[in-house]
Amino acid sequence: MAGNYDPSFAKEVFDNVDSGEEIKMCMQCGICAGSCPLRHEMDYPPRQIFTLIRAGRRDEVMNSKAIKLCTSCYRCKVRCPRGIPVIDVMHGLAHYGIKKGIIPRKGTAAFGGEFWKMIYNIGRIDEKTLPLKYNLLEGLVPGIKSTIEMAPMGIQMFLHHRMKLLPERKIKGIKELRKMLDKAKEMGKGGAN
Amino acid sequence: MKYFLYGGCSLEAGGKNYMVSLEPVCKALGMEFEEIEDWNCCGASISYAGANELSIMTLNARNIAIAESTGGYDIVAPCSSCYIQLVKTNHELKEDAELRNKINVILKEGNLNFKGSLNVRHLMDVLYNDGGIDKIKSTAVRPLKGLKVAGYVGCQTVRPYGEYDSVERPKVHDLLLKAIGADPVPFPKKMQCCGSGIFLTELDRCLGLVKEILDDAIANGAQLISTVCPMCALNLEMYQDKVNAKFGTNFNMPVVYLTQLMAVAFGMDLKKEAALDYCVIPPEGIIKAAIGG
Amino acid sequence: MDKNIGIYICTGCGIGDMLDCDPIAEMASDEYSVSICKNHPFLCGAEGVDLIKKDIEGEGVNTIIIAACSPRVNYDVFDFGQDKIIERVNFREHVAWSQAEKDENTQMLAEDYIKMACAKIGRTDLPEPFKAEEEYSKDILVVGGGVAGMTAALETAKAGYNAILVEKDPKLGGFLAKMKKNVTLPYKDISDTGAEAMIKAVSDNPKIKVYTSAAVEKISGGPGIFSVEIKANGNSATERAGAIVQATGWVPYDANKLGHLGYGKFKNVITNVEMEEMAAAGKITRPSDGKDVKNVLFIQCAGSRDPEHLPYCSSSCCLVSMKQATYVKEQNPEAVNYILYKDIRTVGQSEDFYRKAQMDGNVFIRGSVEEVGESGGNLYVSANDELLGEKIKIEELDLVVLAVGMVPRSLPAEIPKIKAPSDSKEADADGMIEVKPDSGFFATSALNLAYRQGPELPTLKYGFPDSHFICFPYETRRTGIYSAGCIRRPMEVGKAKDDATGAAMKAIQCIEATSIGMAVHPRAGDISYPEFNMSRCTQCKRCTEECPFGAINEDEKGNPLPSPTRCRRCGTCMGACPERIISFKNYSVGMIGDMLKAVSVPEEDEEKPRVIVFVCENDAYPAVDMAGIKKMNWSPYVRFVPVRCLGSIALVWVADALARGIDGLLFMGCRHGDDYQCHFVKGSELANTRLSKVSETLDRLSLESDRVKFIEVGITDCDKVPAIISEFMETIESVGPNPYKGW
């Protein structure tokens, strides 16, 4: 069956996804795919994600593994002959998917969400409580299980002075920071929602 | 030379050995650091799951703006993840006036303003270009003769703008290792990503990346791996057990920070300043053999 | 001219270390009665040149043999005026740098080269430049008044020459004037075509005479003395011109052959030319119902790069479609353009316009069309999307634009047929055969040359009248006639302007060189020309047929009528003539024959074979020089004889050399065939044909055919030269010595 081309999804991406308009410049050379360390784990290489957007395949793009697997190594951005910040586009698509509720808050989406919450709450990251919070997101029982699994590593870190004992405190300017972040959310592409 | 030091969250915890060792090493090279007051997290590479581009940029613009309001020195970021966030924000805001205006509207909420008067630099850049190979050589009173080191660069250390080293064939890490008498081995995977921020959440997919890096270091005869990024150090060191379990391998490769090796070469205390005891996989034996202790 | 010979041997650059120069001087004075023979350690220095000058003044030396470096270098240093005969002997690259030091064989080689030089100057006379009887014209005829033709005329005028511009249409401008907008430097956006301003500039220029609604009826003569009959608006006029630029442009590929893409079947399937005309006329609408256009699909390479249609890329259609997509967006910003392509080819800086087209949000799809169809009054296109890896269908299309390629306006709609030779396998039922595009028989009535070899420029494959596009752009196979713009190869406006400027410059060079009797390239500056001893002509027509440049017409009886200003001085006619009646003052069959006779042939028992290598001066000779510069070694038994072109070789040389006991002959010439590299187009091919008939001669002498070999050597083949020679020497060794030695 022949799939139909539908330009409306491309427009949605250009208008609402951070760095989304940059994909217009893609000439499908595939150097991003050749440079990606997790390409073999992806269902579509980045260049094909861009083709799918052009063709209007919203579901295939938003449900793809590819947009969730960026390690942020920047190699694609460095090498793209058209200067497309591929990494920023992939992050933008993932963010958009999470925001729209298409990508479930599991795994990286959940971890990143907690990460951001912690920044919003205290301005910094507390390395010892973050994984804990993330594990508990999976539910109490599996969370405890994951925590126990990770415990030997934590103990090692602790024994080698690499764990901050005191809980991280809020930065002094947290109120202003939050005001700024609220404003940034509002002013960002596609608005706060 | 005076700098702002942006240590970031990791250098107070998981990357503590980096912080402990870099301070005396930089001091020995005549560098002086001032912390950016009340700094906040850079957002790392994973914040996109919770925030938009502009919000993450705001975090970094705030740090730079605070630095700008208190002094005129370069900002040094030892953590590659912090470095890339700061340098990217600084670069894009300097280039793009429209974006700069937007950010300044946001920063106004905290009475801050981004002017674009400072440079953001990686610690490795500062060691190489400001410290200098000659000075490091002359300070290295206890050279690490013949120590075979795989100088791991990782991804974010030199990308994306290639400010101080080639983004495809970096050489600064190896030159610094040579300056302290060590013997950097050929290491084709020195630029392969370790999995970075999604390591924890995509463990199964990323362990293979770490395995490839360790394999390459060992195949080229390295005795230990040197890094300049707490994320790389953590992923390469702490997950060797899990790699062994998954692939049936037998890795037990020490991973240290470049500054730890430099502290040793500079004749400093192996514990107090080089923080070798912070390493989970002990590097002391190999290092002591090299310095003839 | 009484020749007073001086031989000057340079001992610099290592020559003195490799050779004993004194015995060479003795040999020359004994055998050729040369009174002056001097050595100098640095002959190309001021002191060395002075030494020669003093002998010219004091001793009356007028024939100078310089045994030093290659004639390819220091030709300016060793220039003693047109009234002296200068012969350069290549002691450096061909002897000192490639042979064994102070070796008996090296010495014999050097002596042979001096003997050959002495023999050569014995048959050399000072050439006198040709001067036609008619007065020379310095005006340039430009045929075609499109962007290339107008540019050629304007550039000609700017350089101070008069131009005569002939345009078939009532109005100048060609396709440029039919376009809505143009994309040209710096390729950032579309811009005005500038056609009207250009037409005005041409019309207002006092140095340009314009004929519109005009055709060239007949061109006779040659460079400097062209006579041009023009018919304009029913009136006849005659003009004289010194050189010609043909800029007759292109026609779009016939879309009627593209039925599979829906052309002719659906009204809303149009060509890019029709799209342009519609846009220029005002508004782009659906031809079927005149309604607005919202979704447009461009099919790139419509018929192009397709062996069934136009096998080549027209290099401008991608840019044109992007331009037209811009029109669509300007008309309706909400419109969607799909561009279905094989490869986007926006070369050079025009890549920037591709970037713009991408930024505009046009949808580029790489793939091939499966079907163009209609449903509910709209078109749809099914395609194989290569990058998506799927079959796709794009529906609700208002317009499908076929980006058709450019066909040079030189190829006739129907390929003419001629009577086939009796042994032809390709002949049709009537015994006719299609004329190959490069055979020179195409009549498109652009130039109507009164030339024996046909009325139009011979073309390469696909009908482009170029002669040597790698090395000599604008050159055609008719001297003094240059092609520019889309007649030469498909191109866009910016490139056509560059092209026309280049062709105009070549035309001016030709006029100036011809006026003082000099050849144009590749023998630029040569003042010799072929002379015919007509009393011995047998009217065999070989010279008139084989001249690669159509320089020789013939009368009703078949006598050749040479036009020396059309001549490129390659000597192909000289090699073709079985009666040896054609010769140059400084290049003749007899002259080379004497050189061959000068080569010493040792007795068989000395085991020193002798091989003559005829080398083309244009590519093979420099390749040998470079091998010498790289200090590569080769057999001391070979003697190089440079020839103007292998097309000038005479079979009698083969017979004479073999009869004297020379063991083998090797011919090094340029590549021939479709992608030939011969500077004279057909020379190496003709040589190859002639040599294929040499077996008769060999049979008559009862000699092995292995003794004569033709080999293609390009200018970059210097590394292969020693191996080619060694291999041939091995062959000669295996067939044994020539039994005619000592006869």
Size of electric dipole in the protein assembly as shown: Cβ of Lys, Arg +1 and of Asp, Glu -1, about Cα centre, debye, nearest 20: 4540 debye
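Under the rule a/c < 1.5 gives rounded, and otherwise a/b versus b/c splits prolate from oblate, where does the range C:253-408 land using the Cα gyration tensor?
Rounded, since a/c falls under 1.5.
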Okay, helix-only estimate at 222 nm for chain A: each DSSP H run of n ≥ 4 adds -39500 (n - 2.57), divide by all residues, round to 500 deg cm²/dmol; what do you get? -16500 deg cm²/dmol
Contact order normalised by length for chain C, with contacts defined as Cα pairs under 8 Å and 6 or more residues apart; what percent is it? 12 percent
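Nothing charged except the Cβ atoms of Lys and Arg (+1) and of Asp and Glu (-1): what's the magnitude of the dipole of the range A:8-99 about its Cα centre? Round to the nearest 20 debye.
240 debye
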As a footprinting exposure proxy, order A:71, B:58 by other Cβ within 10 Å, with the fewest listed first. A:71, B:58
Restricting to bridges with both residues inside chain C, how much of the DSSP beta-bridge set is antiparallel, in percent to the nearest 5? 40 percent
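Given the rule -39500 (n - 2.57) for each run of at least 4 DSSP H residues, summed and divided by the residues of chain C, what is its mean residue ellipticity at 222 nm, to the nearest 500 deg cm²/dmol?
Working: 18 runs with 198 residues, N = 743.
Rounded to the nearest 500, the figure is -8000 deg cm²/dmol.
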Say the dipole of chain A comes from +1 at the beta carbon of Lys and Arg and -1 at that of Asp and Glu; which of A:159, A:55, A:9 then lies farthest toward its positive end? A:159
Kindly identify the range C:588-743 as rounded, prolate or oblate by the Cα gyration tensor criterion: order the square roots of the eigenvalues as a ≥ b ≥ c, call it rounded if a/c is under 1.5, otherwise compare a/b with b/c, prolate if a/b is larger, else oblate. oblate
Considering only B:207, B:13, B:78, whose Cα is most displaced toward the positive end of the charge dipole of chain B, charges sitting on Cβ of Lys, Arg (+1) and Asp, Glu (-1)? B:207
Taking every C-alpha to C-alpha distance in chain C and binning by 10 Å from 0, the per-bin percentages run 3, 13, 19, 19, 17, 13, 9, 5, 2, 0, 0
Compactness check, the range B:86-127: C-alpha Rg relative to the 2.2 N^0.38 Å globular estimate gives 1.30
Mind checking the dipole of the range C:305-349: about its Cα centre, +1 per Lys or Arg Cβ, -1 per Asp or Glu Cβ, Debye to the nearest 20? 120 debye
Counting pairs of alpha carbon atoms under 8 Å apart in space and at least six apart in sequence, what relative contact order in percent does chain B give? 21 percent
Average partner coverage of C:354-361, which counts Cβ from other chains inside 10 Å: 3
Give me the inter-chain shielding for A:112-121: mean count of other chain Cβ atoms within 10 Å, whole number please. 6
Rel. contact order, % - alpha carbon contacts under 8 angstrom, at least six apart, chain A: 19 percent
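Taking the radius of gyration and the Kirkwood hydrodynamic radius from Cα positions alone, what is the Rg/Rh ratio for the range B:2-123, to two decimal places?
The Rg/Rh ratio comes out at 0.97.
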Would you please give the FRET efficiency between residue C:220 and residue C:705, computed as 1/(1 + (r/R0)^6) with r the Cβ-Cβ distance and R0 = 35 Å, to the nearest 0.05? 0.20
Which shape class applies to the range A:68-193: rounded if a/c is under 1.5, otherwise prolate when a/b exceeds b/c and oblate if not, where a ≥ b ≥ c are the square roots of the Cα gyration tensor eigenvalues? prolate
Listed residue (C:651, C:384, C:669) projecting farthest to the positive dipole end of chain C, Cβ model: C:384
Separation between the residue C:53 and residue C:100 pseudo-spin-labels, each 7 Å from Cα along Cα→Cβ, expressed in nm? 4.2 nm
Isolated Cys in chain A, by beta carbon distance under 4.7 Å: A:26, A:29, A:36, A:70, A:80
Under Stokes-Einstein, with the Kirkwood radius over Cα pairs standing in for Rh, what whole-number D in µm²/s applies to the range C:1-122 at 37 °C and 0.692 mPa s? 231 µm²/s
The exposure ranking of A:160, A:91, fewest beta-carbon neighbours within 10 Å first, is A:160, A:91
Could you work out how far the C-alpha centroid of the range C:102-176 sits from that of the range C:526-566, in angstrom? 19 Å
Return the percentage of antiparallel bridges among DSSP beta bridges fully within the protein assembly as shown, rounded to the nearest 5 %. 35 percent
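Using a 10 Å cut-off around each Cβ of peptide A:41-47, what is the average number of partner chain Cβ atoms that fall inside?
Per residue, the average neighbour count from other chains is 1.
Which of C:716, C:697, B:249 has the fewest other C-beta atoms within 10 Å, and how do the rest follow up to the most?
In order of increasing Cβ crowding within 10 Å: C:716, B:249, C:697.
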Given the DSSP H assignment, sum -39500 (n - 2.57) over each helix run of at least 4 residues in chain B and divide by its residue total; what's the result at 222 nm in deg cm²/dmol, nearest 500? -13000 deg cm²/dmol
Seen from all sides and averaged, what is the projected area of the convex hull of the Cα atoms in the protein assembly as shown, in nm²? 63.0 nm²
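Kirkwood hydrodynamic radius, computed over distinct alpha-carbon pairs, for the range B:142-291: how many Å, to one decimal?
Final number for the Kirkwood radius of the range B:142-291 is 15.4 Å.
Where a number appears in this text, it was derived from the coordinates with a stated rule and is not lab data. Everything quoted here is computed from the prediction, not taken from an experiment. Every residue, glycine among them, receives a Cβ derived from its backbone with ideal geometry; neighbour counts consider all protein chains shown.
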